[in-house]
Amino acid sequence: ARTPIDTFLLARLKKEGLGLAKPARPEQWIRRVTFDLTGLPPTPEEVDTFLKDASDTGYERLVDRLLDSPAYGERWGRHWLDVAGYADSNGGVEADSERPWAWRYRDYVIRSFNEDRPFDEFITEQLAGDELLPAVSADLTGRDLDRLVATGFLRMAPDPTGDGPPEPELARHQVIADTLQIVSSSLLGMTVQCAQCHDHRYDPIPQVDYYRLRAVFEPGFDWKHWKNPAQRLVSLMSSEDRSIANCVEQAAKVYDAEATRLHDELIEKFVQKQLLLVPEARRDVVMGARRTPAAKRSPEQLQLLREFPMFQDHIILGEIDREGANKVEEIRKRATADRAVKPSDPMVQALVEASAEPVTTVRFHRGDPQQPREVLKPGLLSIMGLGGLDTEIPESIPGRRTSGRRLELARRLTDRKNPLTARVWVNRLWYQHFGMGLVATPGDFGVLGERPSHPELLDWLAADFMDHGWKNKRLHRLIVTSAAYRQSSVNTAAQRKDPDNRLLGRFRLRRLDAESVRDSLLAVSGRLDASRFGPPVPIAVNAQGQFVVGRQKRDGNGDAVGVEVGGTADFRRSLYVMVRRTMPVGVLETFDAPVVNPNCEARPVSTAAPQSLMFLNDGFVLDRSLDLAQRLRREYPGDEPAQIDRLWQLLFAQSPRSADVVRSLQFLKELRSSLTPSESKVPGKPVAASPPGAPEISPEERSLAALCQVLLGSNRYLYLD
């Protein structure tokens, strides 16, 4: 036993006459722990440094380096964003409008993990960050701004209320219900949504408890005075910038007015010329019909304008006076140029209570808002009070600018008397490291959920986590340096007696998740853009109907006609790619990217034909295979054995066996001899599909790209041993 974790696991294993598997080879372990903590593969240089110092202190130094890496926050921030239901769009209806400022919350989560912010503070800021502030204003900076941004957690649920849903009132209540589901499944491990219409059929949650919990959030989600997503944004523009923006806008409006005056003057000049063609006796009535607002024209006037169509409203200046239209356009360009230097108005998607006035919550009979029943006060689930936790929450706190309900909720959820929050979170960390939680249903600790495989270990981990300041990095370090985590995936006796590996007598073989698949392809091919934070990388629909990374090209009618390459931004980590609920990126969806409706408590892990087909045919995979081949040829020009050795180190964190080298050289030779230069323009695509001027790719380069593609699609690369 290397850590207390091993003591608990070995006690169970010994009862079954079992033990842990032999330790994994160092190169297996470094690949495993690097992917686990950063979501990226180790570089050959990192592997070499580690293998030269494979002592226990070497393990600890490697873990500390990975935990200090900015990639750690990106990796583990993604896990939290799953359960928070993070998306860059509102969902709920087909329109699926964008959330242009949701990325601020994503960046807050990443920074929090990298800073190792105590998890109890992390929770409190997300539930009640606005209530920790003396005031919500545009002058917020630093930690105060973080607290406001953190409340974006409560704005992650699908919300179509700004997109004209068919039943607006029901849509409002659904937003509140989805928010409660996100909060309860992420922090309590409970399916409280079942109690919205009736007492929970399995867990001890009466319907009254559901509405008491809802009452905690209703001051911020007042369904009777609802605010659509766009109305909830908080501006961060300073008073100085706002003043500058107003001045710039006034100057631009002067140009707008001048352009409008000139436009109308030229149109009127044309009309007066046309008027000379109208019989003199009818000129006044024709002009009268033209100047009458369209909605107020009489049938006679409409008939008159049909008779003289040159006097109708839709006269286009460019068709009657091209020179004059150009002058108008030049003036409008000056207004546009002025507005281009206007300071931007940054926004925050946040939850802010409108006032401290209490909001009344009633129980809906059978969950129907049209059947209100008794008034209820805010509170926690009654069952949580069995350990002495106070489940009553004040309706308001005198002297506060807000109700204070969510802050009181956060304090109770992080109270040591609360039996759930710490257990639920440490179980999630365990689940991500071992592929299955101590409780196999991380979002459901209730009656229908799985029983814990090691209840005493779960209790100890939760208590130890709280005792040491709710620090995540310490818990990671404890887990990944344990003998249980460092063991091999092969243990014949344990496989026979415990085929599901609930006793952890061996390490669970795990496939890379969706983001790690895409990010590792970028990393090994040398294409990964490591820039962090900021607005999401856009996505588009390509000619094959797939959703891919890139900017959408559109024709004059606004229809999608292709994808515009976005440069190095297209190669940022998957965490920064736009999450559009109705537009899942093909590469990620194929490998079980989360479906956030409203959130993702645990990702499914599938093995399906489209995954293999993607590595055979997908343009992203083919391009990265070529990039990897070109990288190998740059690093070791003309030396195929060295290229193969480097390829193995990049993909598998170890050198190839001599048999692997021989087979790879034979593969390259046979494929190279079957290719002609004309067949090598675009890897994996027929010559007819090659774009004009495509660079010539030699048979040597093409065959090496094919070898890279074969190995990238292998189980040895896609699974962590």
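Annotations for the structure displayed:
- Available extension along the chain between Ala337 and Arg474 is 44.0 nm, counting 0.36 nm per residue and deducting the alpha carbon span.
- Computed from phi, the 3J(HN,Hα) profile of the range 574-582 under the Karplus parametrisation 6.51, -1.76, 1.60 (θ = phi - 60°) reads 4, 4, 9, 7, 3, 9, 9, 4, 9 Hz, with x in place of Gly and Pro.
- Distance between the range 396-411 and the range 83-115 - C-alpha centres, whole angstrom: 26
- Structure-based [θ]222 nm, the chain - -39500 (n - 2.57) summed over DSSP H runs of at least 4, per residue, nearest 500: -14500 deg cm²/dmol
- Evaluating 6.51 cos²θ - 1.76 cosθ + 1.60 at θ = phi - 60° for every residue in the range 175-183, the Karplus couplings come out as 4, 5, 4, 5, 5, 5, 5, 5, 4 Hz, glycine and proline recorded as x.
- Once the mean of 1/r is taken over each pair of separate Cα atoms and inverted, the chain shows a Kirkwood hydrodynamic radius of 29.8 Å.
- Lysines with Cα under 24 Å of Lys227, excluding same-chain neighbours fewer than 8 positions away: Lys377
- The aspartates and glutamates whose alpha-carbon is closer than 19 Å to the alpha-carbon of Lys273, local same-chain residues fewer than 8 away aside, are Asp264, Glu265, Asp284, Glu307, Asp313, Glu319, Asp321, Glu323.
- The H on the amide N of Gln552, modeled in the peptide plane, is under 5 Å from the matching H of Glu564, each at least 5 residues off or on a different chain.
- Shape of the range 257-303, Cα gyration tensor, a/c cut at 1.5: oblate
- Cut-off under 5 Å, modelled amide H: who pairs with Val537 long-range: Val577, Met578
- Under-5 Å amide H pairs with Thr361, H placed in peptide plane, nonlocal only: Leu376
- For the range 318-425, the calculated P(r), taken from all Cα-Cα distances in 10 Å bins from zero up to the bin holding the longest distance, is 11, 21, 22, 11, 8, 11, 11, 4, 0 percent.
- A simple spin-label model places the labels of Val662 and Thr260 8.4 nm from each other, with each point 7 Å out along Cα-to-Cβ.
- Convex hull volume per residue in cubic angstrom - Cα atoms of the range 580-657: 143
- Taken as Cα centroids, the range 170-206 and the range 546-623 sit 31 Å apart, rounded to the nearest whole angstrom.
- Each label point was placed 7 Å from the Cα along the Cα-to-Cβ direction; for Lys269 and Asp241 their separation is 4.3 nm.
- For the range 20-47 versus the range 629-662, the inter-centroid distance based on Cα atoms is 19 Å.
- A 1.4 Å probe run over the chain, with the rest of the protein chains in place, finds 45 Å² accessible per residue.
- Ignoring aspartates and glutamates fewer than eight residues from Lys553 along the same chain, the ones with Cα atoms less than 16 angstrom from its Cα are Glu564, Asp570.
- Projected label distance in nm at Val710 and Ser655, using a 7 Å step from Cα toward the beta-carbon: 2.2
- Three-way shape call for the range 1-136 based on the alpha-carbon gyration tensor, with the a/c threshold at 1.5: prolate
- Binned Cα-Cα distance frequencies in the range 171-257 - 10 Å width, integer %: 14, 31, 19, 13, 12, 9, 2
- The range 64-163: C-alpha gyration tensor shape, a/c 1.5 cut-off, then a/b vs b/c: oblate
- Accessible-area composition of the chain, carbon plus sulfur, in percent [1.4 Å probe]: 52
- For the range 499-512, putting each phi into the Karplus relation 6.51 cos²θ - 1.76 cosθ + 1.60 with θ = phi - 60° gives couplings of x, 7, 6, 6, 8, 6, x, 7, 7, 7, 5, 10, 7, 4 Hz, in residue order, rounded to whole numbers and with x for Gly and Pro.
The values are calculated or read from the model by the stated rules, or taken from the named source; none is laboratory data. Only a predicted model underlies this, so the values are computations on that prediction, with no experimental measurement involved. No Cβ is skipped: glycine too gets one built from the backbone with ideal geometry, and neighbour counts run over all protein chains shown. These accessible areas exclude ligands, DNA and RNA; they are computed on the full protein's heavy atoms, side chains included. Shrake-Rupley method; radii C 1.70, N 1.55, O 1.52, S 1.80 Å.
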